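The values are calculated or read from the model by the stated rules, or taken from the named source; none is laboratory data. This is a predicted model, so every value here is computed, not measured. With ideal geometry, Cβ positions are generated from the backbone for all residues, glycine too; neighbour counts draw on all protein chains shown. Calculation scope for accessible area: heavy atoms of the full protein, side chains included, ligands and nucleic acids excluded. Shrake-Rupley method; radii C 1.70, N 1.55, O 1.52, S 1.80 Å.
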Amino acid sequence: MAEAFDKVKKTLRDVLAATEEKIDKRMTQSRDFLTQVHREEEQLRDDLDLLRAERASLEEERIRVQQQLDEVAQVRAELEARRRGGLFGCCMSKPRTQVSDITVHHPDDEAG
């Protein structure tokens, strides 16, 4: 009976050792996976920071371009107003020459 007991005892130790080995292997895989997840998480944080900085830069550029477009629109409106006479066209634009204001001297008129 002692022999049967020793055999069961050895079998249990073998099973326990195999189970422990499987647990250790699984634990190592889990640690490796967790380390990889942490690395990827850090990389994602860095990427997100970079994207936020790029977005801020693009927004600043968009605002600058919009301001330039507003300035161009204002200058265009001013030029159109000058061309058409606009509200203050009489004050801001050059006087228009009228046909009656032009005097043409002919050499024949001076002799006669």
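Some points to look at:
- Qualifying residue in segment 60-80 (condition: modelled with pLDDT under 85 and under 42 Å from the mean Cα position of the chain (by Cα)): no
- Qualifying residue in segment 3-10 (condition: of a type in the set (F, W, Y), surrounded by 10 or more Cβ atoms within 10 Å (Cβ to Cβ) and modelled with pLDDT under 95): no
- Flag for E61 being free of Cβ contacts under 8 Å to residues at least 24 places away in the same chain, open to solvent by 90 Å² or more (accessible area, probe 1.4 Å), in a helix (DSSP H, G or I) and not hydroxyl-bearing (S, T, Y): no
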